[in-house]
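Structure, as structure tokens:
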Amino acid sequence: MKLRFAQAADADAISALVIDLLPFLTISGDASGADNFLATIRPEAIARNLADANFRYQLAERDGALVGVVALRGNSHLYNLYVARQCHGQGLGRLLWEAGRDDALARGNPGSFTLNSSIYGLPMYERLGFQSEGPVMEKDGLRYQPMRLSLGSSQ
């Protein structure tokens, strides 16, 4: 497994990875009703994020193929954490989270993180120490749970 920071040329592969995971992310299990979300995962949107200093993307590759991505926005919001289907349940989500977390801490984050978890990802984030914050939300074809982690209380 190789971890590295993403580059502009990675936008297409990141987009394809996330699109393959739509059944785990959207209420309908496909793209219907999720146009606003889809706009954020198109290659051109990801390329804009990669060029924006407010975002930090790291990739996991196995045998040269992209198998996971983590991105933080504003050095505190877990914006993306996606793992290829064939790698679910193998600890890659934790590895990616730890890479993103450690980078954010090294860049001055005081230990406070937020995210909007898909319902599918909720058990993993709870194992990582995130706690639900408020009710489950539905917006733009997605159902998600706002969550928060303060490293002073768990890690």
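With the condition kept exactly as written, say whether any residue in the range 72-84 is in contact (Cβ under 8 Å) with a residue 12 or more places away in the chain, in contact with a Lys or Arg (Cβ under 7 Å, 6 or more places away or on another chain) and on the phi > 0 side of the Ramachandran plot. First the steps, then the outcome.
So in the range 72-84, the residues in contact (Cβ under 8 Å) with a residue 12 or more places away in the chain come out as 72-84.
Of the ones still in play, those that are also in contact with a Lys or Arg (Cβ under 7 Å, 6 or more places away or on another chain) are 72, 75, 79.
Checking which are on the phi > 0 side of the Ramachandran plot leaves us with 75.
So far as the range 72-84 goes, yes, one or more of its residues are in contact (Cβ under 8 Å) with a residue 12 or more places away in the chain, in contact with a Lys or Arg (Cβ under 7 Å, 6 or more places away or on another chain) and on the phi > 0 side of the Ramachandran plot.
Any idea which residue in the range 6-35 is surrounded by the fewest Cβ atoms within 10 Å (Cβ to Cβ), counting only those that are assigned to a helix (DSSP H, G or I), at pLDDT below 95 and touching a strand residue (DSSP E or B) at 6+ places or on another chain (Cβ under 8 Å)?
The selected residue is Phe24.
Take the conditions over 22 Å from Arg127 (Cα atoms) and part of a helix (DSSP H, G or I) and apply them to Leu38. Does it pass? Step through it out loud before you land on a result.
Values: over 22 Å from Arg127 (Cα atoms): yes; part of a helix (DSSP H, G or I): yes.
It is true that Leu38 is over 22 Å from Arg127 (Cα atoms) and part of a helix (DSSP H, G or I).
Return yes or no: is Arg48 surrounded by fewer than 19 Cβ atoms within 10 Å (Cβ to Cβ), of a type outside the set (Val, Ile, Thr) and in contact with a Lys or Arg (Cβ under 9 Å, 6 or more places away or on another chain)?
Values: surrounded by fewer than 19 Cβ atoms within 10 Å (Cβ to Cβ): yes; of a type outside the set (Val, Ile, Thr): yes; in contact with a Lys or Arg (Cβ under 9 Å, 6 or more places away or on another chain): no.
When the stated conditions are applied, Arg48 does not pass them.
Kindly indicate the residue of the range 47-72 that is in contact with a strand residue (DSSP E or B) (Cβ under 8 Å, 6 or more places away or on another chain) and either among the β-branched types (Val, Ile, Thr) or not in a strand (DSSP E or B) (or both) and also nearest to Asp20 (Cα to Cα) among those meeting that condition. Explain how you work it out, then say what you get.
If we filter the range 47-72 for residues that are in contact with a strand residue (DSSP E or B) (Cβ under 8 Å, 6 or more places away or on another chain), which is where we start, we get 49-50, 54-62, 66-72.
Add one more test, that the residue is either among the β-branched types (Val, Ile, Thr) or not in a strand (DSSP E or B) (or both), and what stays is 49-50, 54, 67, 69-70.
Numbers: Asn49: 20, Leu50: 20, Asn54: 26, Val67: 11, Val69: 13, Val70: 16 Å.
Among those that are in contact with a strand residue (DSSP E or B) (Cβ under 8 Å, 6 or more places away or on another chain) and either among the β-branched types (Val, Ile, Thr) or not in a strand (DSSP E or B) (or both), it is Val67.
Does Glu133 satisfy the criteria of being more than 22 Å from Phe5 (Cα to Cα), charged (D, E, K, R), touching a strand residue (DSSP E or B) at 6+ places or on another chain (Cβ under 6 Å) and at pLDDT 95 or above? Give the steps one after another, and end with the answer.
Values: more than 22 Å from Phe5 (Cα to Cα): yes; charged (D, E, K, R): yes; touching a strand residue (DSSP E or B) at 6+ places or on another chain (Cβ under 6 Å): yes; at pLDDT 95 or above: yes.
Against the criterion (more than 22 Å from Phe5 (Cα to Cα), charged (D, E, K, R), touching a strand residue (DSSP E or B) at 6+ places or on another chain (Cβ under 6 Å) and at pLDDT 95 or above), Glu133 qualifies.
If I ask for residues that are farther than 22 Å from Arg85 by Cα and either surrounded by 11 or more Cβ atoms within 10 Å (Cβ to Cβ) or under 17 Å from the mean Cα position of the chain (by Cα) (or both), which ones from the range 111-137 would you list? Quick ask: steps written out before the conclusion?
Initial filter on the range 111-137 (farther than 22 Å from Arg85 by Cα): 111-114, 129-137.
If the condition is that a residue be farther than 22 Å from Arg85 by Cα and either surrounded by 11 or more Cβ atoms within 10 Å (Cβ to Cβ) or under 17 Å from the mean Cα position of the chain (by Cα) (or both), then Gly111, Ser112, Phe113, Thr114, Gly129, Phe130, Gln131, Ser132, Glu133, Val136, Met137 are the ones that fit.
Could you give every pair whose Cβ atoms fall below 8 Å, whose first residue belongs to the range 5-17 and is in contact (Cβ under 8 Å) with a residue 24 or more places away in the chain, and whose second residue is assigned to a loop (DSSP other than H, G, I, E, B) and crowded, with 17+ Cβ neighbours inside 10 Å, counting only separations of at least 6 or pairs across chains?
Sorted first by the residue in the range 5-17, then by its partner, the pairs are Ile14/Ala6; Leu17/Ala84.
The values are calculated or read from the model by the stated rules, or taken from the named source; none is laboratory data. Quick caveat, the model's predicted, so the values are computed rather than measured. Every residue, glycine as well, gets a Cβ built from its backbone with ideal geometry; the counts of neighbours run over all protein chains shown.
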